[in-house]
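The values are calculated or read from the model by the stated rules, or taken from the named source; none is laboratory data. Note that the structure is predicted; figures quoted are calculated from it, not measured. Cβ coordinates were reconstructed from backbone atoms using ideal geometry, including for glycine residues, and neighbour counts include every protein chain displayed. Remember, those area values only see protein heavy atoms, side chains included, never the ligands or the DNA or RNA. Shrake-Rupley method; radii C 1.70, N 1.55, O 1.52, S 1.80 Å.
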Amino acid sequence: MKNRLICQCYNIYTKDIEEEIKNGTGTYKDLVDKTRIGIMCSACCRDTENVFNTLKEQYEKHK
Ligand code: FES
């Protein structure tokens, strides 16, 4: 997945989400708890969840 900014409020990129997954973040809720992504303006929530699920699936396939 090409690296791009997902959450403008917290300056979180797809690469950051990928890192979180590698470091054991197992669910979208865990990601929100750890990074606070999506809790400021909420504009990125849907995108974040889609990106998280896609990256998580890819990670599971290649681990
Ligand atoms: S863009 Fe992610 S909380 Fe605002």
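For region 6-28, residues that are within 15 Å of Q58 (Cβ to Cβ), polar (S, T, N, Q) and within 16 Å of the ligand (Cβ to nearest atom) total 1.
Of the numbered criteria (1) more than 16 Å from the ligand (Cβ to nearest atom); (2) out of contact with any strand residue (DSSP E or B) (no Cβ under 7 Å at 6 or more places or on another chain), the one N3 fails is (2).
Of the residues making up region 1-55, those that are open to solvent by 50 Å² or more (accessible area, probe 1.4 Å), without any contact (Cβ under 8 Å) to a residue 24 or more places away in the chain, of a type outside the set (D, E) and assigned to a helix (DSSP H, G or I) number 5.
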